[in-house]
């Protein structure tokens, strides 16, 4: 494992006023790159062959390094290329997925924005659930056995990629039948989770350790295929309704009823506080708690993303909430760069980079 | 009842260039406070204990007064605190709900932006319907008795809070069965309204009496729990579909087909004209007509909100429509402050404050 | 037919620095007019009686010419009025629908932004399909006979206006029954198209011939009546579900998962390249490819609009994507004006006006 000391040694060799904000070209890289530039940083995108055109076409990258497979980023010589540029890597969902939390912890010597320990807490379902419960959030019920199914449930498989292969069931019989029909190599491991019905809200928080302040920057709703196409057909396809899938394809903007904001801010704050107890110094920077709002105006949290989420792409030029906080267009990507700039100016990069 | 003369006497004692824009901390207070500040006013939020943090955290309030229950705002001593600050209160949905239209009319001596008489016309279902009919709008059919049900209807109960307890029915039998199962203390009073199927549009208008001008500032769609979660499941839960509820939890942005704008502006204008005939000087400032657009491109109006609506929270930094009208980011909250500023400069506050 | 030479002769008589950007008052005229003004052009709206108020009320037009029927625009004297003002007409969906592609090609001597030959390729279903196939896009399957129906299909009639009269069917029997019940004078001609289930994305592209550059400016989802109201009811109306209609009433904002952008840009580029082969100089300016994203993250293209689309009305003040490309709020309407300005400065109007 790369120890915090090793990272700090790398960081000690950096020229504080010539940092490069770097990220992998995918997920939220466009806003991270633009945000870095808006805050006065040089930036860099690491792209897989065939995706670099997006970053060229939008003109947001100062430099693009192209690799054949994402894993090549882990090569010692490639890491050195980043380090000589005084690069700080900004992790995002694809970054973590492509490189794996374990390899990042064990092999990545390039300084990362945020607390690297969070990757493990986010990606391990048991730890994630412990964290959210520790924060006092209401979670969907989980059933340990199909016999217990007494309401609509979502059945998830760790082997199912990106929401395909999940299925809904309302009874043990339906569960058994759908499991049998399921085309998946490893069906033995599954989670049976209550499917809470309500409106979805994915608030985008930012926790600044420098200011000890939680900010609500924006929120979104995921736009998923095929469920959001299927739903539109309603009862029209009732005889031959295909099983829905939940593959994220985009995001839709939303604001919450203002009287719900105290609860939403409280959720964010309690997650930060719990993280500081569980893995000091806890969460740093952007995160999202995926919630359902019931018709009793209760929030049920079913997931946490402990880094920038894709829904922030809606707000590259700011959101209704960020415009209250800042007099400039403040995306989450730019907010990360702002925190880095503040840290560099205070000579306190070690408080936000691990 | 507080007479217009009494309000004008209070107003006469105000220092016109040291006004405070005040509102209750909920609903649309964030944009009202920010908008007031953007227009050069001092602002103030009246918050119930436990909600003030939202207004602190977003940093939009110059002063926060905290009370235990919203009704304390009506106390004579509290009202005096507002009056000594030259406060003009901006009413919004929660404000009206918490304090009740009757108490506001009878007991609130603090000047209010807008025509106070509108509160009664908006909150009394019979008067509201008369107003909309007078404006020539197409309304959903109402059935006086369950036997008449010949299409999908929505059954509403005045005792049902915020959209819970409403139910849908397609026949007298379905009505009878659902009424019997309904868990509500007062089921005797109900309204049976045609459920019009089409796309929902909630245009946000602003009528300026100073310029005798109607503006279309933005529009939204309400995001309701559990209906918007339930809908997503389509036919998937057909065996055990729970009854939908219509609790507003947030708002979604939308624009209308440009060829529909003549109709949408006409709806707004006819509502203003009717209001001037029914309760002179009529509507002042922001309002919304909740509509459904059928597939024949007809608008059916099912409600009017004669004050700022929550959907405007989407447009704290302006909307596609407001950007046509103004070269600055113009939220409805800011537009209110702009009208107050214009009135103060013309020494004509009595034309917009009652 | 009006030949390119005739248009170039008209254009040669224009004062390059006193051009007027003109359009028909509907569809996307608000942003076209505002965009023209933002780029320093004088502008003009041609309105049908009864719609001019919209353009007056939003204050975006320098001049409004009012006519009784849209076809009067074709009158020689009216065209002369436009030509003496050095007018360049910006075509949009309603413009093309009101005047008909054929009449525009044959009778309109006023210079048009874009390649006039595109109108025919876009409006003729056979040519449109050939174009998209030539670009290598995946299209929905088409069935030549009802017996072939083996999945959910959408049945379209050329005589059905704006999405009404279309119907869904899952079998030959359902097709036969619905066809019989259909209230349409000409039912003999129809298209049977696979109804692809997934999320809808309508990317708004702009191809600049001056820079030989493709830009992704924004994207939207259509908001259609009654389908989007019906869908909300899900299984609730299953006994008496009315047949859905697909009348566009508005638009909803969306962003795509960033890892889908390479594919989305590729779709736009391949459509441009194919157009250059099929009808040189090919597509110029704004266009949209209407797509469905499946849960395998494949895009199925079911239509092309080879001019500005209504969904761009969401982004009158810019979109998340346009803010990456431009440091100013860049609507598609303004982007058109920018291209005209660039062409005028290069004395190369003939490269973008036909």
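Among A:34, C:187, which comes first, second and so on when ranked by fewest other beta-carbon atoms within 10 Å?
On the way: A:34 24, C:187 15.
Result, fewest neighbours first: C:187, A:34.
How far apart are the residue A:184 label points across copies, placing each 7 Å from Cα toward Cβ, in nm, shortest first?
Computed spacing set for this position: 4.1, 4.1 nm.
How far, in nm to one decimal, is residue A:263 from itself in the other copies if the label point is set 7 angstrom along Cα toward Cβ? Shortest first, please.
3.6, 3.6
What is the order of A:293, A:47, fewest Cβ neighbours within 10 Å to most?
So the residues, fewest neighbours to most, are A:47, A:293.
Cα gyration tensor of region B:4-113, axes a ≥ b ≥ c as square roots of the eigenvalues: rounded (a/c below 1.5), prolate (a/b > b/c) or oblate? Can you show the working numbers first?
Details: a/c = 1.74, a/b = 1.16, b/c = 1.50.
Because a/c hits 1.5 or more and a/b fails to exceed b/c, region B:4-113 counts as oblate.
Looking at the square roots a ≥ b ≥ c of the eigenvalues of the Cα gyration tensor of region A:241-331, which shape do they give, rounded for a/c under 1.5, prolate if a/b is larger than b/c, or oblate? Present the calculation step by step, with values, prior to reporting the outcome.
Details: a/c = 1.36, a/b = 1.11, b/c = 1.22.
Rounded, since a/c falls under 1.5.
Over region B:280-321, what is the relative contact order in percent, taking alpha-carbon pairs closer than 8 angstrom and at least six residues apart? Mind showing how you got there, number by number?
Values: 39 pairs, mean separation 14.7, N = 42.
For region B:280-321, the relative contact order is 35 percent.
Springs between alpha-carbon atoms under 10 Å, Gaussian network over chain B: tell me which of B:294, B:20, B:312 tops the mean-square fluctuations.
B:294
Neighbouring Cβ atoms within 10 Å as the yardstick, rank A:126, A:10, B:110 fewest first. Don't skip to the end; give the middle numbers.
On the way: A:126 7, A:10 19, B:110 22.
By the 10 Å Cβ count, ascending, the order reads A:126, A:10, B:110.
Got the relative contact order for chain A handy, in percent, Cα pairs under 8 Å and 6 or more residues apart? Intermediate values should be presented prior to the final figure.
Numbers: 658 pairs, mean separation 74.9, N = 354.
After rounding, I find 21 percent.
Cut-off 10 angstrom, C-alpha nodes, Gaussian network model of chain B. Which of B:16, B:134, B:106 fluctuates the most?
Taking springs between Cα atoms under 10 Å, the residue moving most is B:106.
In degrees from 0 to 90, rounded to the nearest 10, what is the angle of the helix C:29-38 Cα long axis to the longest principal axis of chain C?
Relative to chain C, helix C:29-38 is tipped by roughly 40 degrees.
Sort the protein assembly as shown into rounded, prolate or oblate with this rule: let a ≥ b ≥ c be the square roots of the eigenvalues of the Cα gyration tensor; rounded if a/c is under 1.5, and if a/c is not under 1.5, prolate when a/b is larger than b/c, oblate otherwise. Provide the component values of the computation, followed by the final result.
Details: a/c = 1.16, a/b = 1.00, b/c = 1.16.
Cα axes put the protein assembly as shown in the rounded bin.
If packing is taken as the mean number of other Cβ atoms within 10 Å per residue, what is the order of B:97-105, B:251-259, C:217-225, A:64-72, highest first? Mind dumping the intermediate values first?
Details: B:97-105: 16.6, B:251-259: 23.2, C:217-225: 24.8, A:64-72: 14.4.
Taking the mean over residues of other Cβ atoms within 10 Å, the ranking is C:217-225, B:251-259, B:97-105, A:64-72.
What average count of beta carbons from other chains do you get within 10 Å of the Cβ of residues in B:191-204?
For peptide B:191-204, the averaged partner shielding equals 4.
Would you mind checking the tilt of helix C:332-345 against the longest principal axis of the Cα atoms of chain C, expressed as 0 to 90 degrees and rounded to 10?
30 degrees
Pick from B:188, B:45, B:306 the residue whose mean-square fluctuation is largest in a GNM of chain B, springs joining Cα atoms under 10 Å.
Of the options given, B:188 has the highest mean-square fluctuation.
Under the rule of -39500 (n - 2.57) per DSSP H run of 4 or more residues, summed and divided by the residues of chain B, what mean residue ellipticity at 222 nm is obtained, to the nearest 500 deg cm²/dmol? Mind dumping the intermediate values first?
Details: 13 runs with 119 residues, N = 354.
Calculated mean residue ellipticity at 222 nm is -9500 deg cm²/dmol.
Ignore the peptide's own chain and count Cβ atoms of other chains within 10 Å of each Cβ in C:43-56; give me the average, rounded.
Values: counts 0, 0, 0, 0, 1, 2, 0, 2, 4, 1, 5, 10, 2, 0.
The per-residue average across the peptide is 2.
So what's the gap between the Cα centers of region C:15-54 and region B:62-87, to the nearest angstrom?
Computed from Cα coordinates, the inter-centre distance equals 50 Å.
Distances from residue B:213 to the same residue in each other copy, label points 7 Å out along Cα→Cβ, in nm, shortest first?
Sorted ascending, the copy-to-copy spacings read 3.6, 3.6 nm.
Antiparallel versus total DSSP beta bridges in the protein assembly as shown: what percent is that, nearest 5?
Working: 117 of 167 bridges.
Rounded to the nearest five, the antiparallel share is 70 percent.
For region C:138-156 and region B:266-319, what is the separation of their C-alpha centers, rounded to whole Å?
Cα centroid of region C:138-156 versus Cα centroid of region B:266-319: 43 Å apart.
For residue C:270 and residue A:213, what is the calculated FRET efficiency with R₀ set at 41 Å and r taken between the beta-carbons, to the nearest 0.05?
Values: r = 47 Å, r/R0 = 1.16.
Efficiency computed from Cβ-Cβ geometry: 0.30.
Count the DSSP beta bridges whose two residues both fall in chain C, then state the antiparallel fraction as a percent rounded to the nearest 5.
On the way: 37 of 53 bridges.
Just about 70 percent of them are antiparallel.
Can you tell me, using C-alpha contacts under 8 Å and at least 6 residues apart, the relative contact order of region B:4-113 as a whole percent? Spell out each step's value before the answer.
Values: 155 pairs, mean separation 35.1, N = 110.
That works out to 32 percent.
Would you mind getting me the FRET efficiency between residue A:348 and residue C:100? Use the beta-carbon distance for r and R0 = 60 Å, nearest 0.05. Please report the intermediate quantities before stating the final value.
Working: r = 67 Å, r/R0 = 1.12.
Approximately 0.35, to the nearest 0.05.
Other chains' Cβ within 10 Å of B:257-270 residues: what's the mean? Show your work: numbers first, answer last.
On the way: counts 14, 15, 10, 3, 10, 10, 1, 1, 4, 3, 0, 0, 2, 0.
Mean partner shielding for this stretch: 5.
Hey, can you rank B:344-350, C:3-9 by average C-beta count inside 10 Å, highest first?
B:344-350, C:3-9
Quick note: the coordinates plus some simple rules give every number you see, no bench work behind them. None of the values given here were measured: they were computed from a predicted structure. Every residue, glycine as well, gets a Cβ built from its backbone with ideal geometry; the counts of neighbours run over all protein chains shown.
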